[in-house]
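Asks: Mind looking over this structure? Questions follow.
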Amino acid sequence: MERGKKIGSTGVGGGALVSGSGKRAFGTVLAALILCLIGIMAFSIRLFSVIKYESVIHEFDPYFNYRVTKYLTKAGIYEFWNWFDDRTWYPLGRVIGGTVYPGLTITAGTMWWILNAFNIPLSVETVCVFTAPIFSSFAAWATYLLTSEVKGRGAGLTAAALLAMVPSYISRSVAGSYDNEAVAIFALIFTFYLYVKTLNTGSLFYATLNALAYFYMVCSWGGYTFIINLIPMHVLLCIVTGRYSSRLYIAYAPLVILGTLLAALVPVVGFNAVMTSEHFASFLVFVIIHVAALAHYIKRVLSPKQYSTAVSFVITFGMYEPAALIAILAAMVAASPTKGWSGRSLSLLDPTYASKYIPIIASVSEHQPPTWPSYFMDINVLAFLVPAGIIACFLPLSDSSSFVVLYLVTSVYFSGVMVRLMLVLAPAACVLSGIALSEAFAVLTRSIKYQDLSEASLLAAVDSTATLNSTNENEASVKEVKDKAPKRGKKKTVEKEVEKKRKRLLGLPMEASAVGILLLIIMGSFYVVHCVWAAAEAYSAPSIVLTSQTPDGGLHVFDDFREAYAWLNHNTGEDDKVASWWDYGYQTTAMANRTVIVDNNTWNNTHIATVGTAMSSPERQAWEIFQSLDVKYVFVIFGGLVGYPSDDINKFLWMVRIGGGVFPHIREPDYLRDGHYRIDSQATPTMLNCLMYKLSYYRFAEADGKGYDRVRRTEIGKKYFKLNYFEEVFTTQHWMVRIYKLKPPRNLVSAVKSKKRFL
Amino acid sequence: MGRGCAIALALVLFFLAIAIGEDDRVSDLLRRQAGSKDGIIELDDTGIRHLAASANRPYALLVFFDAHHLRERSGLKLDELRGEFSLLARSYIKNNAGGSGESKIFFCALEFQRAQASFAMFGVNALPHARFLAPGSGPLNASESMMELNDMVRSAEGMAAYVESKIRHKVGAIDRPPLVSRNQLLLVAAAAIVAAPYVLKKLLIEGKDTPFHNSKLWCVGALLVYFFSVAGGMHNIIRKMPLFMPDRNDPSKIVAFYQGSGMQLGAEGFAVGFLYTVVGLVVAFITHVLVRIKNKTTHRAILLVGMGVCFLAVRWVVALDHWKTGYEIHGYLPRGWL
């Protein structure tokens, strides 16, 4: 096995008969070149969205991140830290500095600042759009570092190439998708690399770097809890399987102390870093590793017999304290209502939890459990290769390879519970597939290469590679050998090595190997085609600009959203309040620069329910609610004319449900006819008179003559009606956004006059 | 005057009598409720008529329609629903004991064999079914409001939300017994404490031959978890998917593969999961085991078979995925090449 890997990596580096150092230098240069190309590929495969559409920020949350970044670049870091945003959640506002993961914004802000310092005048938006592709290249390089630390350079390069284009990761990191995951995946892989590096070297330098990388991860994404549970799990596994070493201690203990202190510095995490159950595992293992360290120290000091007596003594009499400790811990955890775990974490531990108790988590599509085609879509042929990678990691098992296997196993389980965690699985799948592919290639190419060599030349080749081997870059295996093998005569070891290598050099038949290589190449090509297709077709739509094919093969662009936001920006007062359903809150504040009532940070359910209630109420009541919130404009998203399915009428039942959850006079059955949601002539009167229906279908029948809704595929129930409390001020080209203004309160002059008469 | 007084007295006595009658029924219900094991009052035809018929009863009734002979049908999940219903009843009784909500609602069950007339009266011809009888409502009929036992209202929490919206009174926290009871937990803890010294001793002193040190076991475990996950096993558990499904058009046939990417059947998932895993296993076998065998003919034969299996498995999955999701994956070759 070892042999296969070495030759595999020299295979990358060139012929085996070139002199040692020259070959290594050539290999390094070639590897660097390949890494450059991988970086370019990772960047450019994510540009489909820019080429097919344009350089815009995508979807919803990225608009918020963009707005925060803009503020950061304009006002500076201190202002950003203390930012109280009064443009959202009116009249409550939101403390932005303390409620966001600042990693992404600070990263992009720094990039913009550096570029400007070099007099490269890019706009903040451009920097934000390209942050994700740039970090994908970094992530690919981090994967190279991680994998080569585990199984050598050849596997590293393969894994990096696979990660550069794995669809699951592309889906979250195309140009314009400016969200936390864009930088977090890089941070995740890099943290793992530094952990494995520390594990292999036992260097405190890398341990410190590891804590810093962990800090960056905490800044970037809530998914950092995965790291702070996975690493303790691995440490525990190592201790239990008898792999405790001082390197393990150095890799773990500083990370817990420094990492926790640093994590507590991030405002959004704060004391959660020591107080929530997600972090308890790391502290428990911290205690255990110290016990294990003590046991090892005592074992070294005492003779085996004394040690065995001591252990028996301690176990017999000392079991009570740990038992008491565990009991206290269990009682503490059990005392909190959710056992100290957040709903999302609990639904990972008990997969049926969310569907039973938290419908709001269960209802989100990215929290659904995936089916098998999801794996094929998101990691494609890697799904076939991973088992081979797992087995390769067990032959032989080292600390670092066991870590990679553990990472894969946990992430594949979690991805089975929630489809969005496929993103965490993707790097693990790439690392293991990289290992599997590189080993398979190594065996097959070696079989062809050494096919005709005689026994003597074979031995010579073995000899040269054996000498090479002793200076090979893979410190991990060298360390392991050092650790385990008792010191023997050097000559004897070399002889034995050569014998071992010779046995392993035995290859497979040439023609079969050639076919095997061909099949692997076909498989790889299929992967490339699939990834390019997924990047181009499936994951590049910005959802703010829509396109459709015209019958004559042309492209029709629907740019209604930006049209509406621009209208709001240019035609309404600076301080006017705009109400809409929460989905469009981030976009309104970012693009129209107007104050909104609710947005995608759904922290206040009552406030959302108020807007939901207004949308579900008759016109007058709705007007009163909006008036009480100081709202001047209301807009709805309407897809009935062009057949855009995710419009407000389709989301309307959620508004009713959420509204009814707080204000009981809104009752879902009132909007349903026999349990069916309909807007045609069979619809209930409540439905036909509610504000959402009226704002969506006002003057609709005039537009096409029939009032035919192309999403619901039916004629609407009530076609001609007037609005008394709202007036239409703007409707976009395809009617996708309709903006209404609240009419001012009724003139009270006459009432005042009549009062005076009485006085 | 005297006549007026007499009428007033008669009226007072009349209402008093009614009130006492009501009180009787409430205390009767409370007694039966206290007597039942699961907080649900079992009723029959006469019972329900007696309790529910009067026009001005002060309490609401939530009636669960049950049928012993349908309990075996797993598709209906009557057992499970009845369990949730009883959970709701017990939680309500416990949370409202002695309070104003004590006799606001009673939870009853009607068993088909003993209450066929009531089933007919309410027009119940399919189970599961539950009815809410508001306080004071008049004669019983099929138009009493029905509690939809759909996905949202299958759990005690969902039913509680429904009840709260109907009676305008808090049900309170649902007191769900933990999966493992206290005694079982103590037993497990005791076993762990007894076993701990042995395990620790094995690990610390001998430190070699425990199952923990067997890397083959870990390897097999990892592969199993992988197989289970990519097969969509969690999907099957969370969604409670069956392994097969009878064909809608022809019930004698079974459907093992479901078209449409949002859902999968159990057997389908495991079949594809097996295909995902088997390729990796073959590749691993070729790279790590086959090379150690010296016989060239064995090499050729196994390689041929192995590569054939891999090729077919990948092709099969690709074809299945194409069929299931309907995606048209294509390359972007230059026009001149086509």
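The values are calculated or read from the model by the stated rules, or taken from the named source; none is laboratory data. The structure presented is a predicted model; accordingly, all values stated were derived computationally and were not measured. Ideal geometry is used to build each Cβ from the backbone, glycine not excepted, and the neighbour counts take in all protein chains shown. We work out accessible area using only protein heavy atoms, side chains counted, and drop any ligands, DNA or RNA first. Shrake-Rupley method; radii C 1.70, N 1.55, O 1.52, S 1.80 Å.
Asks: Return the total of residues in segment B:283-317 being facing chain A (nearest Cβ under 8 Å), among the hydrophobic types (A, V, I, L, M, F, W, C) and closer than 30 Å to A:W533 by Cβ.
Replies: Selection size over segment B:283-317: 9.
Asks: If a residue must be of a type in the set (S, T, N, Q) and either open to solvent by 40 Å² or more (accessible area, probe 1.4 Å) or in contact with a Leu (Cβ under 8 Å, 6 or more places away or on another chain) (or both), how many such residues does segment A:551-595 contain?
Replies: Applying the first criterion (of a type in the set (S, T, N, Q)) to segment A:551-595 yields A:569, A:571-572, A:580, A:587-589, A:593, A:595.
If we keep only those that are either open to solvent by 40 Å² or more (accessible area, probe 1.4 Å) or in contact with a Leu (Cβ under 8 Å, 6 or more places away or on another chain) (or both) too, we end up with A:569, A:571, A:588, A:593.
Counting residues in segment A:551-595 that are of a type in the set (S, T, N, Q) and either open to solvent by 40 Å² or more (accessible area, probe 1.4 Å) or in contact with a Leu (Cβ under 8 Å, 6 or more places away or on another chain) (or both) gives 4.
Asks: From the list A:L194, A:L209, pick out the single residue that is part of a helix (DSSP H, G or I) and surrounded by fewer than 22 Cβ atoms within 10 Å (Cβ to Cβ).
Replies: Being part of a helix (DSSP H, G or I) and surrounded by fewer than 22 Cβ atoms within 10 Å (Cβ to Cβ) holds for just one of A:L194, A:L209, which is A:L209.
For every residue, the table says whether it meets (1) in contact with a Leu (Cβ under 9 Å, 6 or more places away or on another chain); (2) surrounded by 15 or more Cβ atoms within 10 Å (Cβ to Cβ); (3) in a helix (DSSP H, G or I); (4) not acidic (D, E).
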residue: B:M307; (1), (2), (3), (4): yes, yes, yes, yes
residue: B:C310; (1), (2), (3), (4): yes, yes, yes, yes
residue: B:H322; (1), (2), (3), (4): no, no, yes, yes
residue: B:Y327; (1), (2), (3), (4): no, yes, no, yes
residue: B:Y332; (1), (2), (3), (4): no, no, no, yes
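Asks: Output the residues belonging to segment A:15-29 that are surrounded by fewer than 15 Cβ atoms within 10 Å (Cβ to Cβ) and either more than 20 Å from A:K449 (Cα to Cα) or at pLDDT 85 or above (or both). Full working, then the answer.
Replies: Residues of segment A:15-29 that are surrounded by fewer than 15 Cβ atoms within 10 Å (Cβ to Cβ), as a first pass: A:15, A:17, A:19-22, A:25, A:28-29.
Listed by number, the residues that qualify are A:S21, A:G22, A:A25, A:T28, A:V29.
Asks: Within segment A:257-266, can one find any residue that is more than 19 Å from A:Y101 (Cβ to Cβ) and part of a helix (DSSP H, G or I)?
Replies: yes
Asks: Looking only at residues in segment B:214-231 that are facing chain A (nearest Cβ under 7 Å) and modelled with pLDDT of 90 or more, which one is farthest from the chain's Cα centre (by Cα)?
Replies: Going through the qualifying residues, I end up with B:C219.
Asks: Could you please tell me which pairs satisfy a Cβ distance under 6 Å, a separation of 6+ or placement on different chains, a first residue in segment B:277-291 that is more than 19 Å from B:F228 (Cα to Cα) and in the same structural domain as B:C310 (by the TED database), and a second residue that is acidic (D, E) and at pLDDT 90 or above?
Replies: That search, which allows pairs on different chains as well, returns B:T287/A:E439.
Asks: Follow-up. How many residues, within segment A:687-732, are part of a helix (DSSP H, G or I) and either in contact with a Ser or Thr (Cβ under 8 Å, 6 or more places away or on another chain) or more than 23 Å from A:G659 (Cβ to Cβ) (or both)?
Replies: 7
Asks: Take the residues in segment A:368-401 that are without any contact (Cβ under 8 Å) to a residue 60 or more places away in the chain, within 29 Å of A:G242 (Cα to Cα) and facing chain B (nearest Cβ under 7 Å); name whichever of them is surrounded by the fewest Cβ atoms within 10 Å (Cβ to Cβ).
Replies: A:L397
Asks: I'd like the full set of residues that are of a type outside the set (A, V, I, L, M), more than 7 Å from chain B (Cβ to nearest Cβ) and open to solvent by less than 10 Å² (accessible area, probe 1.4 Å), limited to segment A:403-416.
Replies: Going residue by residue through segment A:403-416, those that are of a type outside the set (A, V, I, L, M) are A:403, A:407, A:410-411, A:413-416.
The next check asks that each one be more than 7 Å from chain B (Cβ to nearest Cβ); those that pass are A:403, A:407, A:410-411, A:414.
Correct list: A:F403, A:Y407, A:S411.
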